[in-house]
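J.: Here's a structure for you.
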Amino acid sequence: MLQRRIACIVAIIAFCAGCSNANHRPTATSGAGGPSSLRLGMVTDVGGLGDKSFNDSAYRGLLDAKLKYGAQVSVLQSRSAADYEPNLSALAEQGNALVIAIGFLMHDALNDVAPRFASTHFAIIDSVVNQPNVTSVTFKEEESSFLAGALAGLVTKKNVVAFMGGIDSPLIEKFEAGYEAGIESTNPRTRVLVKYTGSFDDVAAGKEYAALLFDQGADIIYAAAGKCGLGAIDEAKSRPQGYYVIGVDSNQDAIAPGKVLTSALKRVDRAVLELVAETRRGKGGGHIVLGLKEGGVGLTAMRYTRAALPAGALRLVDRYRALIVAGKIIVPATPDELRAFVPVRLAPAAATK
């Protein structure tokens, strides 16, 4: 069953092209073909719509479902953790066939709400809720982060780079562990500075922390911190050529062309579209995991920064990608796994062939 569902996701990925102001009340719209009986609800995390990252990626998936299926969609934005349970309950009470919780912070709230609405199909992104009417979707963020780190190790001129996380948690540790493993594999001389903002929605803190990391010697910052990353990108814009931010979740390259080295993509939009397709088929429940092999994570095409990359860098990163997909590199996802990880060094000459 799980294999068939993953196959469906891969099929959608192969063919899919890759702000609401709800104020705690849903906004419902139908597709161009007129009203549909398919009603879909989504609860954002505290970063909200307009983060140009995680929540916006999920919302794109909801809009894709609206266009493809003529669905009626409702979005509730969470201003704090206290909003999670009432928002999830409100969407279920309105008769939505699928209610999606966007973010691991909603784990406990959904675990409480789901049993009260047994006929509603719920889903959660980035956590696993063991309820029969909940589909859990998680990603192998460590795999795309490894590629981002491998690239950073090749590009840095100072041999000092940085990781800026949001809330210190097992999820964000996956980004950090994969990133550092990639750096160790391409440039073991590089030092990695690490800071956590303690937030996913404080743009000012993101800018402040990025300034501190750049001042401490880093020339590349991987910002896995939701809306805080927008502050980091803004800070990079004020720095001379050669200072970069690596974006996260959505393609953030165009926010500051030439200053965002690449973005580590997490295709929440595609996961949402598949969850809707699953709901239409009358299915639900279980746990779906998406990594490089399934097309759930990856890097952007680096449209604005390709010219600045060292010769052979993209080929080398692509070789790492192939080894991960083949299962020949198991990327660490925790601090303990990172400590045990043996860096995989590939000969640069092979990258130019």
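The values are calculated or read from the model by the stated rules, or taken from the named source; none is laboratory data. Note that the structure is a prediction, hence the values are computed from the model and not measured. Virtual Cβ from ideal backbone geometry, glycine too; neighbours counted across all protein chains shown. Side chains included, ligands, DNA and RNA excluded: accessible areas come from the protein's heavy atoms. Shrake-Rupley method; radii C 1.70, N 1.55, O 1.52, S 1.80 Å.
J.: Which residue, Ala340, Leu275, Ala313, has the largest displacement toward the positive end of the dipole of segment 258-353 when charges sit on each Cβ (Lys, Arg +1; Asp, Glu -1)?
T.: Projecting each Cα onto the dipole axis, the largest value belongs to Ala313.
J.: How much length, in nm to one decimal, is gained on full extension between Val289 and Ser119, taken as 0.36 nm per residue of separation minus their Cα-Cα distance? Present the calculation step by step, with values, prior to reporting the outcome.
T.: Numbers: separation 170, 0.36 × 170 = 61.20 nm, distance 2.42 nm.
Extending this stretch completely gives an extra 58.8 nm.
J.: Another question about this same structure. Give the shape of segment 218-353 as rounded, prolate or oblate, defined through the alpha-carbon gyration tensor: a ≥ b ≥ c are the square roots of its eigenvalues, a/c under 1.5 means rounded, and otherwise the shape is prolate if a/b is larger than b/c and oblate if not. Write out the running numbers ahead of the final one.
T.: On the way: a/c = 1.84, a/b = 1.25, b/c = 1.47.
Oblate.
J.: Once you order the gyration tensor axes a ≥ b ≥ c over the Cα atoms, which shape class does segment 266-343 get: rounded for a/c under 1.5, otherwise prolate or oblate by comparing a/b with b/c?
T.: Details: a/c = 2.88, a/b = 1.49, b/c = 1.92.
Because a/c hits 1.5 or more and a/b fails to exceed b/c, segment 266-343 counts as oblate.
J.: Moving on to the next point. What does the accessible area of Asp202 come to, in Å² to the nearest 10, when a probe of 1.4 Å is used?
T.: Roughly 70 Å² of Asp202 is accessible to a 1.4 Å probe.
J.: A further question follows. Tell me the mean residue ellipticity at 222 nm calculated for the chain from its helices only (DSSP H runs of n ≥ 4, each -39500 (n - 2.57), averaged over every residue, nearest 500).
T.: Working: 11 runs with 134 residues, N = 353.
The helix contribution divided over the chain gives -12000 deg cm²/dmol.
J.: Using alpha carbon centroids, what distance separates segment 92-163 and segment 46-64, in Å?
T.: 13 Å
J.: Can you tell me the equivalent ellipsoid semi-axes for segment 154-251? Use √(5λ) from the Cα gyration tensor, largest first, whole Å. Don't jump to the answer; show the numbers that get you there.
T.: Details: eigenvalues 72, 55, 22 Å².
Equivalent ellipsoid of segment 154-251: 19, 17, 11 Å, largest first.
J.: Could you do me a favour and compute the accessible area per residue for the chain, 1.4 Å probe, result in Å²?
T.: Details: 14260 Å² over 353 residues.
Spelled out: the 1.4 Å probe surface of the chain, per residue, equals 40 Å².
J.: Name the residues of segment 247-290 whose amide N is less than 19 Å from a point 7 angstrom out from the Cα of Arg306 along the C-beta direction?
T.: Within reach of a label on Arg306, which here means backbone N under 19 Å from a point 7 Å along Cα→Cβ, segment 247-290 contributes 247, 251-265.
J.: Let me ask something else. Tell me, what is the percent relative contact order of segment 220-303, built from C-alpha pairs under 8 Å that lie six or more residues apart? The partial results should precede the final answer.
T.: Values: 116 pairs, mean separation 20.8, N = 84.
Averaging sequence separation for qualifying contacts and normalising by length gives 25 percent for segment 220-303.
J.: Leaving out ligands, DNA and RNA, what percent of the accessible area of the chain is carbon and sulfur, probe 1.4 Å? Walk me through the intermediate numbers first.
T.: Values: 7460 of 14260 Å².
After summing per-atom areas, the C and S share lands at 52 percent.
J.: Per-residue accessible area for Arg280 at 1.4 Å probe radius, Å² rounded to 10?
T.: 140 Å²
J.: In nm, to one decimal, how far is the Ser80 label point from the Ala204 one, both placed 7 Å along Cα→Cβ?
T.: 1.8 nm
J.: For q = 0.09, 0.11, 0.12, 0.13 Å⁻¹, what log10 I(q)/I(0) does the chain give under the Debye formula with an equal point scatterer on each alpha carbon and no solvent?
T.: So the normalised log intensities work out to -0.47, -0.70, -0.83, -0.96.
J.: Quick one: check the C-alpha center-to-center distance for segment 219-290 versus segment 164-205, whole angstrom.
T.: Comparing the Cα centres of segment 219-290 and segment 164-205, I get a distance of 14 Å.
J.: Let me ask you something else. If amide H atoms are built 1.01 Å from N in the plane of the peptide, which residues on other chains or at least 5 residues away come under 5 Å of the amide H of Phe163?
T.: Those lying under 5 Å, H to H, from Phe163 are Leu193, Val194, Lys195, Tyr222.
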